[in-house]
Structures are given as structure tokens and as C-alpha cells.
1. May I ask you to say which residue of SER304, SER358 is surrounded by 12 or more Cβ atoms within 10 Å (Cβ to Cβ) and either of a type in the set (Val, Ile, Thr) or in a strand (DSSP E or B) (or both)?
2. Looking at (1) more than 17 Å from ILE278 (Cβ to Cβ); (2) not assigned by TED's automatic domain parsing to the domain that holds PHE40, can you tell me which one GLN237 breaks?
3. Yes or no: the stretch 114-128 includes at least one residue that is assigned to a strand (DSSP E or B) and either surrounded by fewer than 17 Cβ atoms within 10 Å (Cβ to Cβ) or not assigned by TED's automatic domain parsing to the domain that holds ALA201 (or both).
4. Determine which single condition LYS46 fails, assuming it passes every other condition in (1) charged (D, E, K, R); (2) in the same structural domain as PHE123 (by TED's automatic domain parsing); (3) under 26 Å from ASP348 (Cα atoms); (4) surrounded by fewer than 17 Cβ atoms within 10 Å (Cβ to Cβ).
5. One residue is enough: does the stretch 189-209 have a residue meeting the conditions at pLDDT 95 or above, surrounded by 22 or more Cβ atoms within 10 Å (Cβ to Cβ) and more than 23 Å from GLY134 (Cβ to Cβ)?
6. Run ILE265 past the list (1) in contact with a helix residue (DSSP H, G or I) (Cβ under 8 Å, 6 or more places away or on another chain); (2) not in a loop (DSSP other than H, G, I, E, B) and report the number of the one that doesn't hold.
7. Scan the stretch 11-23 and give yes if some residue there is in the same structural domain as VAL213 (by TED's automatic domain parsing), touching a strand residue (DSSP E or B) at 6+ places or on another chain (Cβ under 8 Å) and in a helix (DSSP H, G or I), otherwise no.
8. Starting from the stretch 130-143, take each residue that is surrounded by fewer than 14 Cβ atoms within 10 Å (Cβ to Cβ) and list its partners that are in a loop (DSSP other than H, G, I, E, B), counting only C-beta distances under 8 angstrom and pairs at least six apart or across chains.
Amino acid sequence: MIIKNADKPVLILDVNRCKRNIERIAAKAELHNCEFRPHFKTHQSKIIGRWFRESGVTGITVSSPEMAHYFAEDGWDDITIAFPFYTAQLKKLKELEKLCKLRLFVTSEKDLAILDKELNNPFTFMIEVDSGYGRSGLPYTDKEYINSLIESSKSLDSNMFKGFYIHDGRTYSARNKNEIISAIQPSLYALEDLKKHFPEAKISIGDTPSATVLDNLDFADEITPGNLVFFDWMQVQIGSCSVNDVSLFAQLPIAQNKPNNKNVIIHGGAVHLSKDFIEKDGDKNFGQVVNYFQNGKIEPIEKSWLTALSQEHGTLNNLPTDAKDYITVIPIHSCLTANLFDHYITTDGQRIEKRVLS
């Protein structure tokens, strides 16, 4: 898989794999009567967004008003902004509500009152809850506060409480299916507990590992994963997918072979791949080198990965014997890598436009 005459890092998309990933999770959600509301922050492309529409998706998730506006321009009219509301968003939300139905993340009565006053059109809101991961959201155990927020919404005119959302990042530390299932249990318990107290609430869960690995999604009303459109080396190591499910790759030029040194300098640094890494047996891996064959098969090259990154430079420990001008790398975290490029190149050389909106 070589993009000829590329003088800098190129992000390569295997369209067949990408569409297969979309179709697989859409079918799984349908089987379990669970809405698939994918997070578009991973691909940030109108063209790729249309592939989801072809699989029956009608509502989407984004991480900012700017991202919502970009996709609303392409006809998406049911959009969740999966980031805690703050008042500086108001100006863009007022523009956005003219284009689509909005669903927002709200965690305080004050913010809810501001939205209800400032927005002209009805909106729905989710309460993000935290089951112990410690990122954003309200502690799920604070039922009194949660109930007060829901009750206060009933006295306002333009909003409607929709349900609870959890994104549990602990599943990304797993290294096999059983560990993923174990890691998600606190969130499943939290959602079950909330459903008992607030039976009218919808239940939404956001992480890719649990959405792909759990055999039964009947506990959820919707899932909002994003990474599974591409997958990456981290997801392979987690056990969320196989290496032949990965659809996004970076083609990186070989810049320098150091004399008397096995290390090779690659044109591909943190501005191309991000600084995410996986550590195994004390070794850091910033990008896994693979062979990509004409038949589409992917073969990781043993003991060949990026061991360090600076801004533009990458250090490769073992250059594959058949590598000449380029190496092909599976990113560690495809969401972050994709966010650093303004387009994809398909395996047959077509350009797919995207935006950098996060």
C-alpha cells in the first residue's frame, strides 16, 4: 500500500474495512433494539458520515457546536453534543438550533435555566454520570441532586430530560475480552441502579470496547461509540477487534538510516500521530509497523514499532528488510491521529475530505 510521490505523512483509509465496521455495529444495535448514535469526532468527515446514514443511522453524536454545525450542513438534523454545556457555547448553539434538533449534556439547574431562557427551540438533555472513572459527569450515587435537576426541568418550558450517559474509560486499560467485561461492570451497575430510580430515563453508553465486545446490549437504549469506525493498535491490544478490522493507517517517509545504529528516523512525529503510546514489558510503542498486502491482509511486523516521537520526528527501532522509502503504521489512537489531518487518501488513491473540528 504505497501512495506514490508523497513527500510527507499520509493518512490512508481502507474503505471496505471502514464500511464493514459500520455495518457490523449497526446490525448489532438493531438486533438488540438499541439505537446506534455514533460519535463523529473520530472521522470528522461528511463523506464518511454518509456511510453511517446508508446503514440506517439517523441521530449522531459530536463533541462541539462547531462539529455539530459541520454535520448539520450535510443534512443531519438530530445531534447530541456530548460535552458538558458551558455558557460560552450559547452563541453557536443559537445558530445551530435553527438547523437541527439539539440534545445537550447538562449537570446543573443554573445551566438548565440559562439554556431554557436563551434558546428559542425545544431541546432535550442528558445527564452524564460518573460510576468511578473520574472524568466528567455527576456521581451516580447523588440521587438527590440528580432528582432535583430532573424536577427543576419540569418547571421550565423548552427542555425535556432524556436520560443518562456514561463513557467509562476504564475499558481502554483492558487487554482482553474478559477484562473489558470486568471493567464495564461498575457502569452497568450504575445505569441499572439509576434506571430503578428513574424508570423513564433512557440509558446511553459511549465507549468502543464495551459496544464491540458485550454480547448483549439489551441493557442500553443507545450506544454512541466512535473509534470503531477505524479501530487502532490500542483496540487490537485491548481485544476490541482483530488487526484485520483496522481501517486507518499512516504512511510515513523514511528520513534517515543512522550509521552503526539500528534506529531509523521517520518523518512522522507527535503532530502526525499524537503522543499516545502503549507500554508492554517496559517498551513504549507509539505506532505499530505493518505490512499491508494487495489482498487487504494486514501483518504486524514483529519487533518493529515507533519507540519515540518528537514534534516532526519518529524513531523506529527495527526497519523492515523490504522497506525502501516508506513504512506503514497502525496508529495507537486513531481518533487523535485523524484529528491531525485534513483529509484521508483511500487505498485506491482517492481523496476524502474532512475537517479538524475538535
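1. Working: SER358 fails: either of a type in the set (Val, Ile, Thr) or in a strand (DSSP E or B) (or both).
Exactly one of SER304, SER358 is surrounded by 12 or more Cβ atoms within 10 Å (Cβ to Cβ) and either of a type in the set (Val, Ile, Thr) or in a strand (DSSP E or B) (or both), namely SER304.
2. Single failed check for GLN237: (1).
3. So in the stretch 114-128, the residues assigned to a strand (DSSP E or B) come out as 123-128.
Remaining after also requiring either surrounded by fewer than 17 Cβ atoms within 10 Å (Cβ to Cβ) or not assigned by TED's automatic domain parsing to the domain that holds ALA201 (or both): none.
Within the stretch 114-128, not a single residue is assigned to a strand (DSSP E or B) and either surrounded by fewer than 17 Cβ atoms within 10 Å (Cβ to Cβ) or not assigned by TED's automatic domain parsing to the domain that holds ALA201 (or both).
4. (4)
5. no
6. Every condition holds for ILE265 apart from (1).
7. Initially, the stretch 11-23 is screened for residues in the same structural domain as VAL213 (by TED's automatic domain parsing), giving none.
Checked the stretch 11-23: no residue is in the same structural domain as VAL213 (by TED's automatic domain parsing), touching a strand residue (DSSP E or B) at 6+ places or on another chain (Cβ under 8 Å) and in a helix (DSSP H, G or I).
8. Close Cβ pairs (under 8 Å, with a partner that is in a loop (DSSP other than H, G, I, E, B)) amount to ARG135/HIS167.
The values are calculated or read from the model by the stated rules, or taken from the named source; none is laboratory data. All figures in this text were calculated on a predicted structure; none of them were measured in a lab. Note that each Cβ is placed from the backbone with ideal geometry, even for glycine, and that neighbours are counted across all protein chains shown.
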